[in-house]
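J.: Just passing along the structure, written as structure tokens.
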Amino acid sequence: MYRPNVISTNIYIMFGFRHDTKSWALDKISVTDTTTNTDIINDGDFESNYLKKFYSQCILSNTRSSTTDILFDIPYSGDFYYNDQTQVGMTYLMQQLPVTGGRYYNITFYLENRGYAPNTFLLLIGYLK
């Protein structure tokens, strides 16, 4: 559950990935306004099969050892999912969302670790003034 401050009109939801042995699988993202019961994220299930349409990426790695894509081999739900194989640094997948300040938002997603340590996953939420 997330509640933006009362003056917020937009937030960023950011998923951070690093996996030095295999990959992370992300699917079925939902950010639901609990007042209106409306999901405000675009393409949270990646079914558009076009990552850059609704998401931005930032790769923070000095080796640029990063492979990210939408795949269809073993999704959690539907036909597609996001797969991230970033090594040595972090890749951030983000989307800007319109919010009503002071309301509560329920954030859910499916995340699968497809390997062994070392690996890192972060969920960050930031707001715009």
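J.: Being closer than 22 Å to Ile59 by Cβ and outside any strand (DSSP E or B) is the filter here; which residues of segment 1-34 pass it?
T.: Asp20, Thr21, Lys22, Ser23
J.: For segment 40-86, how many residues meet the condition of being under 28 Å from Pro118 (Cβ atoms), among the β-branched types (Val, Ile, Thr) and part of a loop (DSSP other than H, G, I, E, B)?
T.: Residues meeting the conditions: 4.
J.: Oh, and also: Quick one: which of Asn83, Asn62 is over 21 Å from Ile125 (Cβ atoms), at pLDDT 95 or above and among the polar types (S, T, N, Q)? If you could, list the steps in order and put the result at the bottom.
T.: Numbers: Asn62 fails: at pLDDT 95 or above.
Testing whether each residue is over 21 Å from Ile125 (Cβ atoms), at pLDDT 95 or above and among the polar types (S, T, N, Q) leaves just Asn83.
J.: For segment 21-37, indicate whether the set of residues that are in contact (Cβ under 8 Å) with a residue 40 or more places away in the chain and aromatic (Phe, Trp, Tyr) is non-empty.
T.: Checked against the condition, which is being in contact (Cβ under 8 Å) with a residue 40 or more places away in the chain and aromatic (Phe, Trp, Tyr), segment 21-37 yields at least one hit.
J.: Out of Leu111, Leu123, Leu97, which single residue is at pLDDT 95 or above, loosely packed, with under 14 Cβ neighbours inside 10 Å and assigned to a strand (DSSP E or B)?
T.: Leu123
J.: Just to be sure before I move on: is Asp73 over 20 Å from Met1 (Cβ atoms) and out of contact with any Gly (no Cβ under 8 Å at 6 or more places or on another chain) in the structure I sent?
T.: yes
J.: So Asp27 passes all but one of these: (1) at pLDDT 95 or above; (2) out of contact with any Gly (no Cβ under 6 Å at 6 or more places or on another chain); (3) over 28 Å from Pro118 (Cβ atoms). Which condition number does it fail?
T.: Every listed condition holds for Asp27 apart from (3).
J.: Could you please find all residues in segment 3-25 being more than 12 Å from Met94 (Cβ to Cβ) and surrounded by 15 or more Cβ atoms within 10 Å (Cβ to Cβ)?
T.: Scanning segment 3-25 gives Pro4, Ser8, Arg18, His19, Asp20, Ser23, Trp24, Ala25.
The values are calculated or read from the model by the stated rules, or taken from the named source; none is laboratory data. Remember, predicted model here, so these are calculated numbers, not experimental data. As a convention, Cβ positions derive from the backbone with ideal geometry for all residues, glycine included, and neighbour counts pool all protein chains shown.
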